[in-house]
Amino acid sequence: MSEEWKDFIEKEIIQNGNATHGALVSISDRGVWAKTSNFSSDPNLGGEECSTAWLDNVLDVIENPDILNDQNVVKNSVQLLNKQFIVTNVIKDRVLCGKNGVEGCYLFKTNQALLVVMYGISNEPAECYLDCENFSRFLISQGL
């Protein structure tokens, strides 16, 4: 895990008050490049690698949004911190938006990484989205 990426996530997304959790995962080898400490208990992102099944499901939904028409709840949701987030939207085959009550999540796919961010009741979802969009554009500009 890279402390540099962790610091970047903390500073650019979490500390400005627009999100509660953040992680950056390699698409190719499932390595967790960075995560906020409050993601340590997550069964899919808690270790040095994320779950293959979890990552495959997320990428499948992002790359094939027609899956959302399926009535399969597993394919229509993402599990983070033992909570099921219902997929509410997939944008441009690159962004997955999920919701669980007052909490939500955004998963942004870049060329080589998946940015995973959660927000809560005290966060503004639109501001969180913009922070994630800007960070993902930065990653893409760096070839990631």
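The values are calculated or read from the model by the stated rules, or taken from the named source; none is laboratory data. Values in this document were obtained by computation on a predicted structure and should not be read as measured data. Note that each Cβ is placed from the backbone with ideal geometry, even for glycine, and that neighbours are counted across all protein chains shown.
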Counting only strands (runs of 3 or more DSSP E) wholly inside the range 95-144, the ones holding at least 1 residues that are hydrophobic (A, V, I, L, M, F, W, C) and in contact with a His (Cβ under 9 Å, 6 or more places away or on another chain) are 103-109, 113-119
When you scan the range 18-38, do you find a residue that is within 16 Å of L80 (Cα to Cα), surrounded by 19 or more Cβ atoms within 10 Å (Cβ to Cβ), out of contact with any helix residue (DSSP H, G or I) (no Cβ under 8 Å at 6 or more places or on another chain) and modelled with pLDDT under 90, even just one? no
Do you know which residues across the range 117-133 are among the charged types (D, E, K, R) and in contact (Cβ under 8 Å) with a residue 40 or more places away in the chain? E124, E127, D131
Can you report the number of residues in the range 26-56 which are within 12 Å of the chain's Cα centre (by Cα) and aromatic (F, W, Y)? 2
If we scan the range 95-113, do we find a residue that is at pLDDT below 90, basic (K, R) and under 21 Å from E133 (Cα atoms)? no
From the list V73, V61, which one is assigned to a loop (DSSP other than H, G, I, E, B), modelled with pLDDT under 85 and farther than 26 Å from S37 by Cβ? V73
